[in-house]
Every structure is written in structure tokens, then in C-alpha cells.
Amino acid sequence: MKIVLIDKEEGLKVGGIKIFNKRLYKYLSDKKHQVTILRFSNKSSKDKYLYHIPYYYAEPRSYIFIPSEKTLDILKKYLRKLKPDIVYIAIGISPLDFFIPAACHELNIPIAGVWHGDYNDSTSSFQMLVKSVFLAYVPFCQQLDLLHIFSQKLANFYIRRGINKDRITILPNGIDTDFYKPGYSYFGQKTKIGTGVLFLGRLTYVKNPEILIKSFLDINPPDHTKLVLVGHGEQEETLKEDYKDKRVIFTGLISDEAKKLDIIRACKVFVLPSKYEGMSLSLLEAMSCGLACIVSDAGANSELIKNAGILITEARLKQELPISLRLLLEYPEFASILGKKAREKVLKEYSQEMIFEKLCLVLEKTVSHYKRYGPPKVKPVEIDQFLKRKLTVLFRKLKRLGTTLTELS
């Protein structure tokens with residue numbers, strides 16, 4: 001197949017969507033498919049397989065972006081040139097999304113979309129806003145030839161709202177279990193970590209790292225127990241300034257996967273206290289390396305960690321996270337049992353090779369179905385003034401929350 005992957009990340013050099021597409025690109029290329037990535041970016045790339053699509057404005061992580069008047073024309077130009085069998089797009093937060101399915105169908109190209117985000121069942125104002133984003137995208141999802149979702153929960157959400165279940169595929173994120181596995185850590189030796197607690201992700205409001213730092217320091221662990229925070233973001237400098245403690249290590253962004261693996265192996269416990277997630281790649285990486293995991297109930301965390309870790313509802317993190325940390329640090333045998341269960345679960349259910357193989361088959365089936373039956377029989381979305389105002393209000397609310405609502409983990 002000739003496949004075009006579309007993503008929307010440019011600001012940072014690493015992120016869940018970008019990592020997912022990089023791994024998917026390698027898998028498809030190894031299987032002799034012709035793959036090209038179209039990335040919304042104002043910087044051109046030297047990579048022959050990567051084309052950039054300029055835009056007018058984007059927030060720091062480039063998920064909420066405003067296209068220029070030429071953006072869609074440039075996208076169409078690339079699609080005419082590449083003539084793919086199918087387009088696979090990471091669904092984002094932009095008015096342009098609503099035009100892309102019609103543009104593909106105009107060129108007689110089927111389109112599949114993947115949601116890297118998810119929601120939990122909390123009634124907090126934040127989660128209600130998250131659900132409103134998924135609701136706003138119902139007209140977009142109705143136009144897709146295939147909607148790829150990571151969880152049954154989000155699939156049910158869209159089926160209840162009229163999306164044909166035959167056009168939905170539920171496939172989780174996957175991980176390379178041969179690479180991400182337990183092993184020796186040079187980082188652990190260098191930093192003299194006896195027992196390590198790991199945070200791996202962006203240092204942002206949505207990822208909620210401060211509650212982990214506070215919980216860790218509240219239990220006053222011994223000096224050989226370290227909290228390692230891998231990543232950067234708008235809260236990084238503030239957190240470094242506010243929490244100057246020799247037991248707290250900030251590594252900054254680690255984009256090299258071998259170096260990241262070495263840091264993961266230095267730790268015994270992984271904590272993901274996010275307010276919002278999809279299906280976290282960082283959680284899968286930690287589970288695959290045999291770490292005992294404590295997570296909030298954001299996104300698909302509850303599905304991933306079921307029977308293999310500790311799940312805390314986001315509203316109870318302040319009360320229960322310190323207790324859970326103390327439990328795993330004071331009873332390392334229990335932490336070891338959870339780590340082994342996590343590794344076993346990933347091996348059984350989340351192998352990247354197995355999941356990408358299934359995705360490839362679904363894409364091939366979608367291409368065949370499109371050739372026979374054509375696109376969904378729905379009217380293309382027209383962005384009228386009412387919808388423009390509605391989206392503008394939504395973008396402003398999202399921006400006030402401080403960060404993006406999408407994980408590529």
C-alpha cells in the first residue's frame with residue numbers, strides 16, 4: 001500500500017503522536033509499504049519521507065493550531081502528488097480537521113483517523129470539557145472511512161452518537177517488548193539510586209507532576225530513594241525552583257530511546273498522575289520494563305493497569321498517592337510482584353508487532369471497502385459562522401487550561 005500519515009506535532013522534538021507515527025512508519029516500511037508523513041510544521045525537513053504543511057499559528061505543542069488560507073491547498077497538492085491508497089490522520093484540535101475528509105474523498109482517497117486521546121467518567125469541569133471536544137468531533141468522525149480508537153469506552157461514546165460501528169476499529173497502543181525490557185542501568189549507578197520513582201512525560205498542568213513531587217516529599221523517603229522526572233514543559237523551571245531537593249532529579253527532555261530506557265531501568269516505581277491521557281506510551285514503556293505502576297484514572301489508564309498496578313481516581317490523588325508510594329517503597333516484594341504482572345500483561349496484550357499487524361490489515365480492508373462502496377454517505381461539514389464561534393470559544397477554554405489535550409505519551 002501507499003500510505004500517508006498526517007500528524008500535527010512540531011514544537012517539541014518528542015511526543016506521543018510523533019513517537020507513534022515514527023514507530024508505525026518503521027513497521028510499515030519494513031513490511032515494504034510506501035509511507036510518507038505529512039507534518040504540520042513551519043520548518044521543512046531533509047527527510048525524503050517527510051513533507052511539511054505550514055500553518056498560521058500554534059500553541060507551544062502545536063496541537064491547537066490555526067491554518068493559513070493556503071494550508072488546505074498545500075495538503076491537496078501533496079496528496080495529488082503522492083496518490084496514496086489511504087490517508088491515516090492523527091485527529092487534533094483545529095478547524096482544518098473538518099475539511100480534510102472531504103478533501104481526501106474529492107481526490108478519491110479513503111481516510112482513517114485515530115484518536116490518541118480518551119476521557120474518564122469524572123464529572124469534573126476538566127473532564128466535561130474533554131468530553132465536549134470528542135462531542136464536537138462527531139461530524140468529523142462521521143466522514144471517516146475508518147475511526148481508530150484505543151478503548152471500548154470511547155468507541156461506545158461514538159456508536160451512541162450515530163457512528164457506524166463497522167467503521168470503528170478498537171486497537172490499543174503497543175510497545176516493542178524486545179527493546180523495552182528489564183535490565184541494568186548505568187544511569188542508576190551514576191546517580192546512586194537505591195530505589196527510583198519515575199515520572200516520564202511533559203511537565204505540564206495536564207500531566208500533573210507537582211502532585212507527585214509533593215506526595216514523594218511528604219513521605220520523606222531516605223536519601224538513596226530518588227524521584228526522577230524525565231521531560232520538559234512550561235512548568236519545568238518553576239518546579240525546579242520550588243523543589244530543590246537532592247532526592248528529586250530533573251533530567252530534561254530525553255529524546256534518545258536508548259538513554260530513556262536506561263533511566264527507566266534505574267527505577268522500581270512509575271507514577272502517572274495525569275488529568276488527561278489517551279493510551280499512554282510512557283506507561284506501556286514502564287510496564288514493559290517491569291516497573292510497579294501507580295496511575296490516575298485518566299484516559300485508558302484503567303484498562304492498561306487492570307490487575308497489574310494501582311489505580312487512583314484523579315479526585316483522590318492528593319489523599320491516596322502518598323499512601324500508595326509509601327506502600328510500594330516500604331514493601332519492595334509487593335512492588336516486584338506488580339512489576340512482573342505489568343510486564344506479563346504487556347507481553348500478552350500490547351505487543352507493538354501484533355497491534356501494528358492488525359492495524360495494517362484493517363487499513364487494507366478499508367481500502368478495499370472504499371473501492372467497492374465509496375465514502376460514507378454523509379454531507380461534508382461546512383464551517384459556518386456559528387460553528388466558527390463555537391470552536392473559537394472552545395479553543396480559548398483549552399488555552400486557559402494551559403496545555404494541549406492530546407497524548408501521543
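The values are calculated or read from the model by the stated rules, or taken from the named source; none is laboratory data. Please read all numbers here as calculations on a predicted model, not as lab measurements. Every residue, glycine as well, gets a Cβ built from its backbone with ideal geometry; the counts of neighbours run over all protein chains shown.
Restricting segment 294-319 to residues that are outside any loop (DSSP other than H, G, I, E, B) and of a type in the set (G, A, S) leaves a set whose member that is farthest from E349 (Cα to Cα) is A315. Tell me whether segment 285-300 contains one or more residues that are surrounded by 20 or more Cβ atoms within 10 Å (Cβ to Cβ), β-branched (V, I, T) and either touching a Cys at 6+ places or on another chain (Cβ under 7 Å) or within 19 Å of K207 (Cβ to Cβ) (or both). Yes, segment 285-300 contains a residue that is surrounded by 20 or more Cβ atoms within 10 Å (Cβ to Cβ), β-branched (V, I, T) and either touching a Cys at 6+ places or on another chain (Cβ under 7 Å) or within 19 Å of K207 (Cβ to Cβ) (or both).
Residue-level analysis places S368 among those that are over 14 Å from G174 (Cα atoms) and out of contact with any Pro (no Cβ under 7 Å at 6 or more places or on another chain). Of the residues screened, Y180 is one that is surrounded by 14 or more Cβ atoms within 10 Å (Cβ to Cβ) and hydroxyl-bearing (S, T, Y). Of all the numbered requirements in (1) crowded, with 21+ Cβ neighbours inside 10 Å; (2) within 21 Å of the chain's Cα centre (by Cα), F187 misses one, and that requirement is (2).
Which ranges mark the helices (runs of 4 or more DSSP H) fully within segment 115-187 that have 3 or more residues being under 21 Å from P95 (Cα atoms)? Steps first, answer last, please.
On the way: elements: 125-136, 138-142, 152-159.
Once the helices (runs of 4 or more DSSP H) in segment 115-187 are filtered for at least 3 residues that are under 21 Å from P95 (Cα atoms), what remains is 125-136, 138-142.
Check whether at least one residue in segment 321-331 is more than 28 Å from Y88 (Cβ to Cβ), among the aromatic types (F, W, Y) and assigned to a helix (DSSP H, G or I), and report yes or no. No, segment 321-331 has no match at all. Condition first: assigned to a loop (DSSP other than H, G, I, E, B) and within 18 Å of K153 (Cα to Cα). Now tell me which residues in segment 277-293 satisfy that. Hits for segment 277-293 are E277, M279, S280. Every condition in (1) in a loop (DSSP other than H, G, I, E, B); (2) among the hydrophobic types (A, V, I, L, M, F, W, C); (3) more than 24 Å from L129 (Cα to Cα) is met by M354 except one, and the failing one is (1).
Only one of the numbered conditions (1) assigned by TED's automatic domain parsing to the domain that holds I86; (2) more than 19 Å from L24 (Cα to Cα) is not met by P110, and that is (2).
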